[in-house]
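Presented below is the structure to which this report refers.
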Amino acid sequence: MIPIAPGLSLPDHEVSLSFVRSPGPGGQNVNKVATAVLLRFDISSSPSLSAPVRERLLRLGGARVTREGVLLIRASRFRTQLQNREDARERLAALVRRALVAPRPRRKTRPRTGARERRLESKRIRSQKKIRRRILKEWDN
């Protein structure tokens with residue numbers, strides 16, 4: 001079980017882990033041992049998540065989500081397989097936690113009358129300034 005929030009956790013059978021060779025430093029060990037972790041989580045068919053959370057998670061996943069709706073997380077920050085496994089699971093949990101929070105709906109607002117008048121007045125002043133510059137340039141020629 002991957003704990004996400006109080007009352008929500010992802011069962012282990014929904015997450016698959018595979019191990020690959022990790023790039024980067026590690027000496028001879030890096031060429032022999034598969035320490036990097038590739039975590040796969042099928043968002044679109046997960047019964048643990050509600051439909052709105054699934055949609056937000058698909059959006060938050062970005063390029064890490066395949067066309068089929070599978071989230072791929074590659075963890076190779078550490079030199080041991082165990083640490084990378086925990087890192088991948090924690091990153092998945094953090095992403096799901098972010099998807100749990102529904103965005104606040106935007107309320108329409110209008111600029112106040114005074115602000116609109118100040119804006120228009122500054123535009124008038126700027127316009128007059130440019131007109132005066134144009135007249136001076138024509139006078140010089």
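What follows draws every value from the coordinates through simple rules; no lab data is involved. Values in this document were obtained by computation on a predicted structure and should not be read as measured data. All Cβ positions, glycine included, derive from the backbone under ideal geometry; neighbour counts span all protein chains shown.
Packing-wise, with mean Cβ within 10 Å as the measure, how do 78-90, 3-15, 96-108 rank, highest first?
78-90, 3-15, 96-108
Can you give the extra length, in nm with one decimal, that the chain gains between Asp12 and Arg116 once fully stretched, where that is 0.36 nm per residue apart less the Cα-Cα distance?
31.7 nm
For Arg59, put the label point 7 Å out on the Cα→Cβ axis and report which residues of the range 96-118 keep their amide N under 16 Å from it.
Output list for this probe position: 96-107.
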